[in-house]
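See below for the structure under consideration.
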Amino acid sequence: MKGFPTYFTPELVVASPGRINLIGEHTDYNMGYVLPAAIEKKISLQFQRNGSQKNCRVFSKNFNTGFEFDLSLLAPSQVTWENYILGVVHEIVKRGDRLGGFDCVLESDLPIGSGLSSSAALECGMAYGLNQLFNLGLDKLEMVKLSQAAEHTYVGTQCGIMDQFASVMGKAGHAILLDCRSLDYEMIPINLNPYKIILLNTKVVHNLASSEYNVRKRQCEEGLAVLRRRYPTLKSLREVTGSMLDSCKAIMGDITYRRCDFVLKENERVLQMAEALKQNNLQKVGQLLYEAHEGIRKDYEVSCVESDFLVDFTKDLPEILGARQTGGGFGGCTLNLVHGSFVDEFIAMATLSYQEAYTIDLEAYEVLPSQGTSCSMVQN
Ligand code: GLA
């Protein structure tokens with residue numbers, strides 16, 4: 001199916017949101033803490049069963065193209081976005097759940113490659129829709145986990161669980177303090193008044209993003225392996241203290257040390273941020289955002305000049321409490337805590353300076369913590 005399906009009377013519509021991460025970058029695959037929230041920007045997926053046993057058709061309105069596949073002949077595609085879908089279908093089939101032929105039409109207002117997890121939104125929306133359409137009986141956590149597995153096997157990014165968890169579990173007005181080791185979580189109310197969360201989209205995605213992501217994960221594993229020689233019972237960087245890490249500094253090598261040190265400190269910052277939000281200490285929230293960005297830039301080295309430029313740009317502006325790059329890295333969006341009365345001026349100033357520096361028109365969005373994936377039946 002390259003074109004829009006001729007007979008399409010959808011039975012259900014799934015709304016699958018993107019996410020921001022307030023703090024806690026690259027801690028999820030190290031079994032640490034994260035503090036993400038689902039946002040209003042989302043992918044909408046319409047589904048119908050098409051009566052066939054195995055023939056499936058997916059059409060993207062944004063790309064104005066689609067593809068077909070056979071449930072008994074699943075294989076990764078050369079086209080990246082197709083793999084998010086095929087990967088989820090593959091994980092469901094692998095579990096032994098029975099799917100039938102279906103058609104799906106996608107439409108998104110979530111910018112792609114902007115660090116807002118359009119990929120997790122697509123995976124989780126697909127899992128949610130198929131679960132409903134074919135009565136698979138999957139619970140939310142199972143859908144989160146199989147969406148994450150799809151990214152590992154079909155897309156090739158060894159991601160943590162944060163994005164899928166935030167997209168599915170999000171709650172309006174709250175961020176999720178998630179312990180990625182136990183998967184226990186606490187909903188933290190977000191009252192930032194009079195400040196607002198403004199995202200500035202750098203509109204750059206450095207192609208390092210996916211390869212360097214896996215490199216960072218491996219470097220953390222290497223650091224852990226060195227630590228284990230002295231502390232054999234360690235299971236993850238989550239259990240490592242600053243003094244344990246320092247005791248292995250000399251044998252670890254500078255890069256590995258800095259990666260691990262960032263993870264330890266970032267975990268601490270997540271807990272501090274959750275506490276600051278509970279106490280409505282917005283100055284502290286802002287300070288932690290800046291500190292986290294410095295770590296991302298200097299120690300974990302997953303920032304880029306464009307993100308650094310936009311974060312640095314805010315530093316002399318008293319109406320802005322803090323800023324940092326959000327998401328996996330190498331571009332995407334910066335997250336800024338901006339006084340409500342200054343938002344328009346800030347966006348205008350940042351747009352101008354960024355245009356002068358990089359000849360790129362940035363995009364700006366205000367985001368609100370929103371509800372996670374939802375599904376509604378269509379009355380035909
Ligand atoms: C990507 C991954 C997440 C997480 C972040 C970095 O978004 O999908 O699992 O590791 O990067 O915090």
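Miscellaneous remarks
- Identity of the residue in region 1-58, among the β-branched types (Val, Ile, Thr) and modelled with pLDDT under 95, that ends up surrounded by the most Cβ atoms within 10 Å (Cβ to Cβ): THR9
- Filter pass, VAL311 being crowded, with 18+ Cβ neighbours inside 10 Å, of a type outside the set (D, E, K, R) and not in a helix (DSSP H, G or I): no
- The set of residues from region 336-365 being touching a helix residue (DSSP H, G or I) at 6+ places or on another chain (Cβ under 7 Å), in a strand (DSSP E or B) and under 11 Å from THR202 (Cα atoms) comprises just one member, ALA364.
- LEU200 being out of contact with any Leu (no Cβ under 7 Å at 6 or more places or on another chain) and touching a residue at least 40 places away in the same chain (Cβ under 8 Å): no
- Taken over region 203-248, the criterion of being polar (S, T, N, Q), part of a helix (DSSP H, G or I) and free of Cβ contacts under 8 Å to residues at least 24 places away in the same chain is satisfied by SER211, SER243, SER247.
- Residue pairs whose Cβ atoms lie under 7 Å apart, sitting 6 or more positions apart in sequence or on different chains, and linking a residue in region 275-293 that is on the phi > 0 side of the Ramachandran plot to a partner that is surrounded by fewer than 18 Cβ atoms within 10 Å (Cβ to Cβ) and not charged (D, E, K, R), are ASN280/ASN191.
- Residue among VAL215, VAL204, VAL240 that alone is of a type in the set (Val, Ile, Thr), more than 14 Å from the ligand (Cβ to nearest atom) and out of contact with any strand residue (DSSP E or B) (no Cβ under 6 Å at 6 or more places or on another chain): VAL240
- Residue satisfying all of: in region 174-192; touching a residue at least 40 places away in the same chain (Cβ under 8 Å) and loosely packed, with under 15 Cβ neighbours inside 10 Å; farthest from GLY125 (Cα to Cα) among these: ASN191
- The sole residue among LEU45, LEU35 that is under 24 Å from the mean Cα position of the chain (by Cα) and away from the ligand (no atom under 16 Å from the Cβ) is LEU45.
- Taking (1) closer than 19 Å to GLY327 by Cβ; (2) crowded, with 19+ Cβ neighbours inside 10 Å in turn, THR256 satisfies each apart from (1).
- Scanning region 128-170 for residues that are over 16 Å from the mean Cα position of the chain (by Cα), surrounded by fewer than 22 Cβ atoms within 10 Å (Cβ to Cβ) and hydroxyl-bearing (Ser, Thr, Tyr) returns a single hit, THR153.
- The set of residues in region 295-327 being within 16 Å of the ligand (Cβ to nearest atom) and among the acidic types (Asp, Glu) consists of ASP299, GLU301.
- ASN267 being away from the ligand (no atom under 13 Å from the Cβ), surrounded by fewer than 24 Cβ atoms within 10 Å (Cβ to Cβ) and of a type outside the set (A, V, I, L, M): no
The values are calculated or read from the model by the stated rules, or taken from the named source; none is laboratory data. Note that the structure is a prediction, hence the values are computed from the model and not measured. Don't worry about glycine lacking a Cβ; one is built from the backbone with ideal geometry, like all the others, and counts go over all protein chains shown.
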